[in-house]
1. Considering only region 84-138, how many residues are modelled with pLDDT of 90 or more, closer than 15 Å to Arg17 by Cβ and touching a His at 6+ places or on another chain (Cβ under 8 Å)?
2. Pairs needed: first member in region 1-29, more than 10 Å from Val108 (Cβ to Cβ); second member anywhere, at pLDDT below 95 and part of a helix (DSSP H, G or I); C-beta distance under 7 Å; at least 6 residues apart or different chains.
3. Among (1) part of a helix (DSSP H, G or I); (2) under 18 Å from Lys3 (Cβ atoms), which single condition is Lys81 missing?
4. Please count how many residues of region 57-79 are without any contact (Cβ under 8 Å) to a residue 24 or more places away in the chain and charged (D, E, K, R).
5. Only residues that are part of a helix (DSSP H, G or I) and of a type in the set (Val, Ile, Thr): list them for region 127-141, please.
6. Given (1) modelled with pLDDT of 85 or more; (2) at negative phi, identify the lone condition not met by Asp56.
7. Filter region 5-23 for residues that are over 18 Å from Ile84 (Cβ atoms), crowded, with 17+ Cβ neighbours inside 10 Å and at pLDDT 95 or above and give the result.
8. Within region 75-108, how many residues turn out to be closer than 23 Å to Leu28 by Cα, aliphatic (A, V, I, L, M) and surrounded by 14 or more Cβ atoms within 10 Å (Cβ to Cβ)?
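The values are calculated or read from the model by the stated rules, or taken from the named source; none is laboratory data. For clarity, every value in this text was computed on a predicted model and none was experimentally measured. So basically every Cβ, Gly included, is an ideal-geometry build from the backbone, and we count neighbours across all protein chains shown.
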Amino acid sequence: MFKNLLLAIDGSDHSIRAADKAISLALLEENASIEILYVVAGSKSKTDVLHYGDSDSASRKRQEMLQPFENKIREAGIATKTTILHGSNGAAESIIAHANNGDYDALVIGSRGLGTVQTMVLGSVSHKVIKHVKAPVLMVK
């Protein structure tokens, strides 16, 4: 039932809980896999480069943030791969497009991420995703 999962993360505590839930679901199926999806918004990409000095350093920092998620999934004996998208239209739109263009049994996402001020003004990424992704979406609190 949940053999091919997409896990959208941003490195927040809610992402950690979402990863744990995705692992629990994947362990219910034989040969299940989890694709980790991380979206770098256009403005975040520019900020990261300025903060870390260059794009290579920013990429290295992203990989360091993603590594614990990858390790946790592999340690559970689940196949995984990581996709990093650069979303000029925003994280929600990039997640929606990627999820709808793939063959996923479900998308797992945290209920809140790192952008709390933006959430109050524009609405959360997870709420936008739930409205537009065709596959079942599990929002983890």
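1. Within region 84-138, residues that are modelled with pLDDT of 90 or more, closer than 15 Å to Arg17 by Cβ and touching a His at 6+ places or on another chain (Cβ under 8 Å) number 1.
2. From region 1-29, the pairs are Gly11/Met65.
3. Answer for Lys81: the failing condition is (1).
4. 5
5. The first filter runs over region 127-141 and keeps only residues part of a helix (DSSP H, G or I), leaving 127-132.
If the condition is that a residue be part of a helix (DSSP H, G or I) and of a type in the set (Val, Ile, Thr), then Val129, Ile130 are the ones that fit.
6. Tallying (1) modelled with pLDDT of 85 or more; (2) at negative phi, Asp56 fails exactly one: (1).
7. Lys21, Ile23
8. Looking only at region 75-108, we keep the residues that are closer than 23 Å to Leu28 by Cα, and these are 75-82, 99, 102-108.
From what's left, aliphatic (A, V, I, L, M): 76, 78-79, 99, 106-108.
If we keep only those that are surrounded by 14 or more Cβ atoms within 10 Å (Cβ to Cβ) too, we end up with 76, 78, 99, 106-108.
Qualifying residue count, region 75-108: 6.
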